[in-house]
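These notes are about the structure you will find just below.
None of the figures in this text is laboratory data; all of them are computed from the coordinates on show. Because the structure is a prediction, the values reported are computed rather than measured. Don't worry about glycine lacking a Cβ; one is built from the backbone with ideal geometry, like all the others, and counts go over all protein chains shown.
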Amino acid sequence: MSTKSDDMDERVKHLIIGNSTAAVGAVEGLRRVDREAPVTLLAREPHHTYSRPLISYLLAGEIDDARMHYRPADFYEANRVYARLGVEVERVDAESRVAITTAGMEIPFEKLLIATGGKPFVPPMEGADAVGVFTFTSWDDAKRMAAHIEEADAKRAVVIGGGLIGIKSAEALHARGLEVTMVELADRVLPLALDETASRLAAAAIAEAGVELVCGTTVDRIVAPEGRVEGVALKTGREIACDLVVVAIGVVPETGIVDGSAVETARGIIIDQRCETSVRGIYAAGDVAQGTDALTGESRPIPIFPNAYRQGSVAGANMAGGEATVNSSFAMNSVEVFGLPTISVGLATAEGEGHEVLTRIGEKARTYRRIVLRGSRVVGALSVGDIDRMGIFTGLIRHGIDVSSARELLLSDEFGLVSLPADYRKHVVRGEGIEV
């Protein structure tokens with residue numbers, strides 16, 4: 001049975017569900033348009049807003065709790081946000097415009113932003129509920145894992161997944177002194193972000209760090225005869241003894257609160273360029289949202305940090321009566337693989353279908369660059385080792401700049417802003433974002 005909150009007899013003017021990057025963007029975008037309107041924020045996690053990419057450094061012991069926060073301690077107060085942390089929303093009644101918490105509290109709203117992010121994907125697997133099995137996407141995940149390492153005196157870990165989350169969790173565990181094996185179903189590490197050459201360089205960095213990488217198979221079951229992890233059995237039949245397992249296969253949009261409502265979903269909550277859903281006045285942003293990829297025209301989630309903030313900012317501005325739109329959303333991934341920096345932007349691994357690929361590799365220095373062109377415009381860029389100028393390429397992709405005049409310099413050490421058309425150089429220096 002649900003009840004209306006005593007302190008929310010009237011409809012909340014602006015309600016935000018979530019407390020990560022998109023929610024912060026929404027608060028700041030909203031306040032740029034309206035400094036006074038009431039804003040209420042609900043978040044399942046009890047923590048002040050924090051930077052999720054830092055959880056691996058927290059687990060590794062390289063930073064402490066105080067370094068985790070994404071905004072100052074007075075962020076909510078300074079922006080006049082009524083933040084109710086540790087309050088989980090179970091569902092949204094879009095027709096009645098009411099959010100209902102797991103405790104049964106009803107919170108009526110006028111306008112709503114859903115910024116619930118993503119949840120770890122854990123496939124059906126024997127032993128997945130055993131003590132010592134973890135996901136790795138939140139501050140509490142890092143705290144629970146650290147506590148288990150101490151309690152169990154863990155010496156060996158298996159990480160299931162060779163993507164971004166898998167690599168960062170493997171790095172953190174390795175830094176804590178555990179022997180780590182990474183298991184990736186694809187034939188190479190970071191298969192969605194890197195091509196074969198870049199993956200080979202990343203795999204070499206992993207091996208040099210002393211982490212075992214097993215590709216082309218996955219875990220069939222987690223061995224836990226007494227309810228505690230003792231090892232994993234791979235599809236190949238090999239068994240690996242371990243005290244800890246991290247399931248880092250990926251995340252899926254956390255859309256459950258709108259199930260059965262008029263809010264349209266596919267892989268995520270579908271939004272337009274204003275970040276508005278199929279229900280007027282209800283917005284979505286960040287990893288939960290599904291928008292249009294500017295390079296492919298495909299409607300899909302683009303779960304990356306800058307995109308989440310940009311969408312949140314646009315949604316917040318529009319909730320407050322502004323007229324903002326999100327343009328040029330596309331994939332971007334930046335990860336340091338055991339000391340080896342890698343960045344991929346846009347259609348970085350595209351081949352064929354009208355794409356021209358330029359590459360340069362420095363085997364000894366372990367550097368690699370790949371530029372993907374469609375006609376006279378850059379649509380993808382990938383760099384390993386030497387990541388200078390990747391901001392320039394990101395800007396070229398975002399703005400669709402004709403690079404005909406600089407084409408022969410794209411892979412050169414001489415390439416830079418001075419190589420580009422004068423009108424674009426002026427835009428970068430004077431225009432939005434100074435992104436390069």
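Listing for the model above:
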| quantity | calculated |
| --- | --- |
| Distance histogram in 10 Å bins (all Cα pairs of the chain, percent per bin) | 4, 20, 27, 26, 17, 5, 0 |
| Trypsin sites (Lys or Arg not before Pro) within the stretch 32-82, DSSP loop, no more than 11 other Cβ atoms inside 10 Å | R35 |
| Fraction of the pair-distance distribution of the stretch 1-136 above 26 Å, Cα-Cα pairs, percent | 34 |
| Difference of contour (0.36 nm per residue) and Cα-Cα distance, V122 to R200 | 25.4 nm |
| GNM result for the chain, Cα springs below 10 Å: residue of D413, D140, D34 fluctuating most strongly | D413 |
| Among beta bridges that DSSP assigns inside the stretch 122-249, antiparallel share in %, nearest 5 | 30 |
| Estimated inter-spin distance, D259 and E88, nm [label 7 Å along Cα→Cβ] | 1.3 |
| Mean-position separation - Cα centroids, the stretch 252-296 and the stretch 154-169, in angstrom | 30 |
| Phi to ³J(HN,Hα) by Karplus 6.51 cos²θ - 1.76 cosθ + 1.60 over the stretch 356-368, Hz, x for Gly, Pro | 10, 10, 10, 9, 8, 10, x, 4, 5, 7, 6, 10, 7 |
| Lys/Arg +1, Asp/Glu -1 at C-beta; the chain dipole; positive extreme among V337, A26, L185 | A26 |
| Cross-link table K119/K143; K155/K235; K119/K235; K235/K364; K111/K143; K168/K364, entries beyond 27 Å C-alpha to C-alpha | K235/K364; K111/K143 |
| Pairwise label distance in nanometres, A146 with S96, each label 7 Å out on the Cα-Cβ vector | 4.2 |
| Residue exposure sequence - Y82, Y57 - by fewest surrounding Cβ within 10 Å | Y82, Y57 |
| R0 of 56 Å, Cβ-Cβ distance D423-A73: FRET efficiency to nearest 0.05 | 0.80 |
| Likely footprinting exposure, L192, L201, fewest C-beta neighbours within 10 Å first | L192, L201 |
| Radius of gyration and Dmax over the Cα atoms of the stretch 150-203, both given in Å | 12.3, 41 |
| Sites R377 and L185 - FRET efficiency at Förster radius 35 Å, r taken between beta-carbons, to 0.05 | 0.55 |
| Convex hull of Cα atoms in the stretch 122-249, direction-averaged projection (nm²) | 7.2 |
| Candidates G260, G86, G352: whichever shows maximal mean-square fluctuation once the chain is modelled as a Gaussian network with Cα springs under 10 Å | G352 |
| Cα centre as origin, Lys/Arg/Asp/Glu Cβ charges: the chain dipole, Debye | 960 |
| Difference of contour (0.36 nm per residue) and Cα-Cα distance, E363 to D64 | 104.0 nm |
| Antiparallel bridge percentage (DSSP; both residues within the chain; nearest 5) | 55 |
| Residue-averaged [θ]222 nm for the chain, counting only DSSP H segments that reach four residues, each worth -39500 (n - 2.57) | -6500 deg cm²/dmol |
| Exposure proxy order (Cβ contacts within 10 Å, fewest to most) of C275, C215, C242 | C215, C242, C275 |
| Length gained when the stretch A241-E408 is fully extended (0.36 nm per residue, less Cα-Cα span) | 54.9 nm |
| Distance from the stretch 378-397 to the stretch 62-117 (C-alpha centre basis), Å | 35 |
